[in-house]
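Visitor: Right, I'll just put the structure down here and ask away after.
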Amino acid sequence: MQVQAMKAELRGNPSISLQNPILFDTHQSPLSGALSGCLGSLDGACLEKLLLHCASALETNDVTLAQQVMWVLNNVACSVGDPNQRLTSWFLRALLSRASRVCPTAMNFNGSRTIQRRLMSVTELAGYVDLIPWHRFGFCASNSAILKATQGFPRVHILDFSITYCMQWPTLIDALAKRPEGPPSLRITVPSSRPPVPPLLNVSIEEVGLRLENFAKFRDVHFEFHVFKNTASSTLGEIMCIEPPSFDFESLLGHLNSSILNLRDDEALVINCQHWLRYLPDEQKGIPQGVSLRDTFINIIKGLNPRIIVVVDEDSDLSASSFPSRVTSCFNYLWIPFDALETFLPKDSSQRMEYESDIGHKIENIISFEGSQRIERLEEGRKLSQRWKKAGCMSIPFSEETLKEVKALLDEHASGWGMKKEEDMLVLTWKGHNSIFATAWTPNGLED
């Protein structure tokens, strides 16, 4: 006889209905293995173990075990609790969303309430990227490397691929204005559309360009801003829908040529990739056969003969085809921002909950979706560096001046943040764990 369904209310999440399992009959329940050594001490290691059991159960269509583990997780998860509880609440939501697709008759997940995406003002976005050095680390390392690589050039052209609406550039414009030889003429070119991921801005990219132009004028830097129309931009409705909209990267690649980008021989070309490459599909297909869109992008960029290519992204592998492995890697990586926010923001801070919601958006995409709908395809910096080397690029080491600037930035934040050099990378760490990497490259034969 079917047991009475339990109504579990997750704060800030949709209503969930799970069958009520007999949880703690350790002689009969398969959950006993998942809970071994954890009862009364549900720390991060035990939560990881439970999530792994749940993921394995979903992968093998073991509905009973999946329901039982989710019942336990639901009693631990709390969106206003400690970092582990907050992180678990987003994983539970993502697992339930996936389960509702795998076993729709056994799981009742009200998907009508999606994660609410908030449109930020430019001022709010500035506060967002300043909250923790997740983005500023890359801005600082990249700008310093760009400044050094373009020293002495009277004209600089930046081709910008990023998700933070040019928040990186006011600092660079200010630094260029102080060049001993005088500021160069600066041109920034951006694509008209971006991956449909947070943060989201309440003004157009053209409006952002106008604001940058006004700032550059104030700093006496000659400035041009161009947007090339690579594909139809996603509407707000598409971005906020539960099924992630597609982003036409193949169309983007078709627009990356010197004619459309209006490249000029008298300019120092800079390619800036900030939290971007992970959204390029990494499956080996297309033309030529066996080459992924990610590798194709790298080869096209290299072929533009830039003075410098700077690449910044999250330093973790979240692209595994194995679902349980992806869940474990995701949990062991994304605890970092949750733990960092705990050090200086109260549990009920709206700013904190909004930031965590954006991470929840990432978790839901990584856990809930497969195929082309899973757009978060992160790979470790070490592996990505191999792609650049294979494409015929040489690493540019970060200077001592860059290291000093990054250290000064981190000194403004919690003491848990640090940095280290690792092979070709400069790495941002939290309590010794890798979080963000920055690298700089130049095509072989173009280095000084």
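The values are calculated or read from the model by the stated rules, or taken from the named source; none is laboratory data. What you are looking at is a predicted structure, and each value in this text was computed from that prediction instead of being measured. Neighbour counts run over all protein chains shown; Cβ positions are idealised from the backbone, glycine included. Just so you know, the surface numbers come from the protein's heavy atoms only, side chains and all, with ligands and any DNA or RNA stripped out. Shrake-Rupley method; radii C 1.70, N 1.55, O 1.52, S 1.80 Å.
Visitor: Are any of the pairs LYS362/LYS383; LYS49/LYS431; LYS389/LYS421; LYS302/LYS407; LYS362/LYS390 more than 27 Å apart by Cα-Cα distance, and if so, which?
Guide: LYS302/LYS407; LYS362/LYS390
Visitor: Another question about this same structure. Rounded, prolate or oblate: which fits the stretch 308-399, taking a ≥ b ≥ c as square roots of the Cα gyration tensor eigenvalues, rounded meaning a/c under 1.5, else prolate when a/b beats b/c?
Guide: It is oblate, given that a/c is not under 1.5 and a/b is not larger than b/c.
Visitor: Ignoring ligands, DNA and RNA, what percent of the 1.4 Å accessible area of the stretch 295-436 is carbon and sulfur?
Guide: 49
Visitor: For GLN274, what is the net charge nearby, where nearby means another residue's Cβ is under 10 Å from its Cβ and Lys, Arg count +1, Asp, Glu -1?
Guide: -2
Visitor: For the stretch 74-81, what does the Karplus curve 6.51 cos²θ - 1.76 cosθ + 1.60, with θ = phi - 60°, yield as ³J(HN,Hα) per residue in whole Hz, taken in order and with x for Gly and Pro?
Guide: 5, 7, 9, 5, 7, 6, 10, x
Visitor: While we're here: Please list ARG101, ARG117 from largest to smallest accessible area, probe radius 1.4 Å, with all protein chains kept in place.
Guide: Correct descending sequence by accessible area is ARG101, ARG117.
Visitor: With the cut-off at 1.5 for a/c, could you classify the stretch 243-348 from its C-alpha gyration tensor as rounded, prolate or oblate?
Guide: Note, shape of the stretch 243-348 comes out oblate.
Visitor: Report the net charge of residues surrounding PRO195, where surrounding means a beta-carbon distance below 10 angstrom and charges are Lys +1, Arg +1, Asp -1, Glu -1.
Guide: It works out to a net charge of +1.
Visitor: How many angstrom separate the Cα center of the stretch 382-417 from the Cα center of the stretch 173-223?
Guide: Each part's Cα centre sits 23 Å from the other's.
Visitor: Hey, another quick one. Apply the Kirkwood formula to the stretch 135-218: the hydrodynamic radius equals the inverse of the mean of 1/r over all pairs of different alpha-carbon atoms; give it in Å with one decimal.
Guide: Taking every pair of different Cα atoms in the stretch 135-218, averaging 1/r and inverting gives 13.7 Å.
Visitor: Could you state the per residue volume, in Å³, of the convex hull enclosing the Cα atoms of the stretch 373-448?
Guide: 120
Visitor: Something else about it: Using the per-residue mean of other Cβ atoms lying within 10 Å as a proxy for protection, in what order, highest first, do the peptides 60-70, 389-399, 313-323, 408-418 fall?
Guide: 60-70, 313-323, 389-399, 408-418
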